[in-house]
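Note sheet for the following structure.
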Amino acid sequence: MSEQAMSDALMECVPNFSEGRDLRKVTSIISSMHIEGVQLLDWSMDEDHNRSVVTIAGPPAAVIEAAVRAAGRAAELIDLTAQAGVHPRMGAADVIPFVPIRNLSLEQCALLARQAGAEIWKRHHVPVYFYEAAAARPDRALLEDVRRGQFEGLREAVRKDVSRRPDVGGPDLHPTAGASAVGARRYLIAYNIYLDTDHVATARAIAKEVRASSGGLSGVKAMGVLAHGLAQISMNITDFRQTSVADAYAAVKRLAARYRTRPVRGELIGLLPEGAFEPESEWVRQLDGFHPEEKILERRLQNPLQWPSQV
C-alpha cells in the first residue's frame, strides 16, 4: 500500500471489556483511547451482561495505539477473579476486533491486528489469541473456539494442554486480566431481541435454532440469556448481506410464536452500517432508543462523540 493510500485509510476498532457496572472504570478505559486522530463513535455499558462495548475509528496507527492503551488500562482496573462471567469472557479487554472502513483490505487489517497483539503482550504482559481473519491457526478462526471454557476454564487448560496456549505471550494467562482475543473482521451487527417472558429456557431454545452452528441462519451467532428481567436472544450477525437483521428478526418472531411469546423490543450494541438500515421495517420500529444519526456508522463518522471526562 502506498503512503498516500495509508494516510487516507480509515479503520474501526470495537473493543469489548468485561466490566459493565462500574462507570468510573469504564470511562477511565475509554479516556485512555483519547489520542490525536482517533474518533469516539459509540460506547455502552450493560449491567446484566457485565460488559462494555466501545467503537472508535481513525488512521490505522492511531487506532492500534488507542487499542493497546485500552488493553493496558483494562488490565489495571478489571479483576476477573472477582466476578462471574455473565457474558462469555476470557479477558479484561476480552475481544479487540479491527474492521476496515476505507482504503484498507481485510488482509491488511489482519496484519495490523497481529502488530497490536504483539504490542499488548510487550507493554502489558497480557497474552493474546488471534482470531477470525487474523487467526494464526485454522482452529482459532472462531471466537467461541478460542474462548471455550472462559477465563476460569482457559486458565487451567493452558497449563495442561499445549494446544490451548496463547499465540503471543504466556503460556499462563495474566492472573487477573486473563487474555485478549485480537482479530480482524468485516462489519458485525450485535442485535438483541427481548421477549415478553422471563423464561430463559425459551430464549435458549430459540437461540439454538437460530444460530448457524445448529443449522440455523448463515453467519448468525446467538445465545439466550435473562437480561433486564426478560428473556433475551443475543445475536451477532456476521454478514448482514447474507443474513439481514430482518431475516434474524423474522426467524425469532416465528419461533417465539411456537412458545406462545413474542418480541417486544430490540436493541443494537454498537453501530449499524448504512447498508443494513431498513427504516420501514418492524425490527427498526422495535429498537429501543434508536436514532439513525447516532447509531449508523457512516453518519456517526461525520459527527463523533465527545470523549468522556473521568468520573
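Show me the strands (runs of 3 or more DSSP E) found entirely inside region 17-129 where at least 1 residues are among the acidic types (Asp, Glu) and in the same structural domain as Arg147 (by TED's automatic domain parsing). Can you show your working first?
Working: elements: 39-46, 51-58, 93-102.
It comes to 39-46, 93-102.
Taking only region 1-20 into account, find how many residues are at pLDDT below 95 and among the aliphatic types (A, V, I, L, M).
So the answer is 3.
Among the numbered conditions (1) within 30 Å of Ala231 (Cα to Cα); (2) in a loop (DSSP other than H, G, I, E, B), tell me where Ala181 comes up short.
Tallying (1) within 30 Å of Ala231 (Cα to Cα); (2) in a loop (DSSP other than H, G, I, E, B), Ala181 fails exactly one: (2).
One line per residue, one yes/no per condition, for (1) closer than 20 Å to Arg147 by Cα; (2) out of contact with any Asp or Glu (no Cβ under 6 Å at 6 or more places or on another chain):
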| residue | (1), (2) |
| --- | --- |
| Met11 | no, yes |
| Asn16 | yes, no |
| Arg21 | no, no |
| Lys25 | no, no |
| Met33 | no, yes |
| Glu36 | no, yes |
| Leu40 | no, yes |
| Ala66 | no, yes |
| Leu77 | no, yes |
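Which of the following residues is within 30 Å of Pro263 (Cα to Cα) and surrounded by 23 or more Cβ atoms within 10 Å (Cβ to Cβ): Ala203, Ala177, Ala181, Ala116? Let's see the steps before the verdict.
Working: Ala177 fails: within 30 Å of Pro263 (Cα to Cα); Ala181 fails: within 30 Å of Pro263 (Cα to Cα); Ala116 fails: within 30 Å of Pro263 (Cα to Cα).
It is Ala203.
Residues Arg159, Arg148: which one is farther than 22 Å from Arg260 by Cα, part of a loop (DSSP other than H, G, I, E, B) and out of contact with any strand residue (DSSP E or B) (no Cβ under 6 Å at 6 or more places or on another chain)? Explain how you work it out, then say what you get.
Details: Arg159 fails: part of a loop (DSSP other than H, G, I, E, B).
Only one candidate qualifies: Arg148.
Per-residue answers, yes or no, for (1) touching a helix residue (DSSP H, G or I) at 6+ places or on another chain (Cβ under 6 Å); (2) over 30 Å from Ser105 (Cβ atoms); (3) outside the structural domain of Val63 (by TED's automatic domain parsing); (4) not acidic (Asp, Glu):
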position	(1), (2), (3), (4)
His174	no, yes, no, yes
Ala177	yes, yes, no, yes
Ala201	no, yes, yes, yes
Arg204	no, yes, yes, yes
Ala212	no, no, yes, yes
Val220	yes, no, yes, yes
Gln242	no, no, yes, yes
Val245	yes, no, yes, yes
Arg258	no, yes, yes, yes
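Residue under question is Leu297, and the condition is that it be among the hydrophobic types (A, V, I, L, M, F, W, C), in contact with an Asp or Glu (Cβ under 8 Å, 6 or more places away or on another chain), more than 22 Å from Ala212 (Cα to Cα) and touching a residue at least 12 places away in the same chain (Cβ under 8 Å); does it hold?
Working: among the hydrophobic types (A, V, I, L, M, F, W, C): yes; in contact with an Asp or Glu (Cβ under 8 Å, 6 or more places away or on another chain): yes; more than 22 Å from Ala212 (Cα to Cα): yes; touching a residue at least 12 places away in the same chain (Cβ under 8 Å): yes.
When the stated conditions are applied, Leu297 passes them.
Arg164 versus (1) in contact with a helix residue (DSSP H, G or I) (Cβ under 9 Å, 6 or more places away or on another chain); (2) under 30 Å from Ala276 (Cβ atoms): which is the lone unmet condition?
(2)
With respect to Ala134, determine if the residue is under 22 Å from the mean Cα position of the chain (by Cα) and modelled with pLDDT of 95 or more. First the steps, then the outcome.
Values: under 22 Å from the mean Cα position of the chain (by Cα): yes; modelled with pLDDT of 95 or more: yes.
Considered against the rule, which asks whether it is under 22 Å from the mean Cα position of the chain (by Cα) and modelled with pLDDT of 95 or more, Ala134 comes out as yes.
On the given criteria, is Thr27 polar (S, T, N, Q), surrounded by fewer than 24 Cβ atoms within 10 Å (Cβ to Cβ) and in contact with a Ser or Thr (Cβ under 7 Å, 6 or more places away or on another chain)? Quick ask: steps written out before the conclusion?
Details: polar (S, T, N, Q): yes; surrounded by fewer than 24 Cβ atoms within 10 Å (Cβ to Cβ): yes; in contact with a Ser or Thr (Cβ under 7 Å, 6 or more places away or on another chain): no.
Judged against the criteria, Thr27 is not a match.
The values are calculated or read from the model by the stated rules, or taken from the named source; none is laboratory data. Every value quoted in this text rests on a predicted model; they were computed, and no experiment measured them. With ideal geometry, Cβ positions are generated from the backbone for all residues, glycine too; neighbour counts draw on all protein chains shown.
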